[in-house]
Amino acid sequence: MQTSIIIVNYNTYELTYRCIESIYANEKNHNYEIILVDNASDECDASLFLQKFPEVKLIKSSENSGFAGGNNLGIKQSKGNYILLLNSDTKLINNAISIASSILEKEETIGALSGQLQYPDGNLQAVAGRFPSVKRELRELLRLNKFLSKEQKAAYYLDTQWDYNKPVEADWVWGAFLMFRKKDLIHFPNQLLHDTFFMYGEDVQWCYHFKNILKKKIYYTPKPKAIHYIGGSDKNKAEPFERYLQKMLPHEYQWLCMVKGQLYTRIYYFLKSLVYYSLLNKDNLNKGNLFLSIALKGV
């Protein structure tokens with residue numbers, strides 16, 4: 001078995017159905033298995049998937065163990081040399097799985113890999129980023145980045161500034177399409193992915209382990225392609241910054257404390273508050289107040 005594709009389903013029957021359908025439509029000459037983990041959905045009986053896709057290995061969890069926990073249930077039963085974590089709200093455009101596994105096969109220095117994710121309208125999603133950094137916030141506060149060219153600044157920050165038609169080494173990539181070698185899990189706690197967080201932030205934690213503990217690259221390539229109906233598996237429709245506050249910030253803070261210590265974490269958010277204050281408008285003033293409060297009191 002070359003690749004184990006793990007899909008976690010939670011009340012997303014239609015999206016998950018289309019995701020699996022796209023795998024069979026695009027992967028004709030690749031040796032793979034699909035492991036579908038149902039996280040205690042109450043939308044319908046998960047056995048319905050087997051009526052259309054009898055080859056799928058279905059795992060019915062008695063509880064919703066989140067994105068990390070669900071993927072680990074799949075990993076425990078996987079047989080492939082490579083593991084692909086694939087969001088239920090994705091739809092392959094090309095033979096993305098074959099392409100991604102062939103890259104990993106040739107490049108032993110790559111620890112984890114992500115492909116190109118597109119919105120339904122064809123625009124590209126910003127799937128790669130840098131770890132939170134005191135140095136980066138300080139550079140931003142002192143306006144040192146004005147001495148960088150547009151290309152240098154894009155490579156320094158990634159996120160929305162990068163051109164996702166180009167490959168790049170990143171600090172982290174999204175877990176919506178994340179491929180790695182199963183054998184590398186021997187270097188992870190309990191030979192499974194960290195499940196510190198129920199949902200959001202776990203992909204950053206995993207990539208940090210690949211990059212800083214295993215000393216392997218985190219790589220983005222535009223060659224594997226999929227549509228990502230972003231947020232399709234999450235019913236929270238809050239605005240992006242509000243979503244960040246609700247879902248991501250608490251995990252970001254906790255993870256930073258784990259890997260860098262509380263002092264570093266407080267300094268990071270203090271500098272972040274100063275950056276927002278320096279922008280001199282009401283909205284950014286409120287954000288500055290928020291991050292200053294975090295620097296002083298924690299989350």
0 to 90° range, to nearest 10: angle between helix 66-76 axis and the chain longest Cα axis: 40 degrees
Of all accessible heavy-atom area on the chain, the percent that carbon and sulfur account for (1.4 Å): 53 percent
Exposure of His251 as accessible area (Å², to 10), given a probe of 1.4 Å and all protein chains: 40 Å²
Under 12 Å from Lys52, Cα to Cα: aspartates and glutamates that are on another chain or at least 8 residues apart: Glu21
Restricting the range 26-110 to GluC sites (Glu not before Pro) in coil, as DSSP defines it, with at most 14 other Cβ within 10 Å: Glu43, Glu55, Glu63, Glu107, Glu108
Integer Hz, Karplus 6.51/-1.76/1.60 couplings in order for the range 153-167, x for Gly and Pro: 5, 4, 6, 6, 9, 6, 6, 6, 7, 7, 8, 7, 8, 10, x
Loop-located trypsin sites (Lys or Arg not before Pro) in the range 35-133, at most 14 other Cβ atoms within 10 Å (DSSP): Lys79, Arg130
Compactness of the range 47-113 - radius of gyration and Dmax, Cα, Å: 14.1, 41
Close Lys-Lys pairs in the range 234-283, where close means Cα under 29 Å and separation is 8 or more or interchain: 9
Descending Cα extents along the principal axes, the range 44-186, whole Å: 59, 39, 34
Karplus 3J(HN,Hα) series, Hz, for the range 206-211 with 6.51 cos²θ - 1.76 cosθ + 1.60 (x for Gly, Pro): 5, 5, 4, 5, 4, 7
Accessible area expressed per residue, the chain, with surrounding protein chains retained (probe 1.4 Å, Å²): 48 Å²
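The values are calculated or read from the model by the stated rules, or taken from the named source; none is laboratory data. As the structure is a prediction and not an experimental result, all values here were calculated from the model. All Cβ positions, glycine included, derive from the backbone under ideal geometry; neighbour counts span all protein chains shown. With ligands, DNA and RNA removed, areas are computed over all heavy atoms of the protein, side chains included. Shrake-Rupley method; radii C 1.70, N 1.55, O 1.52, S 1.80 Å.
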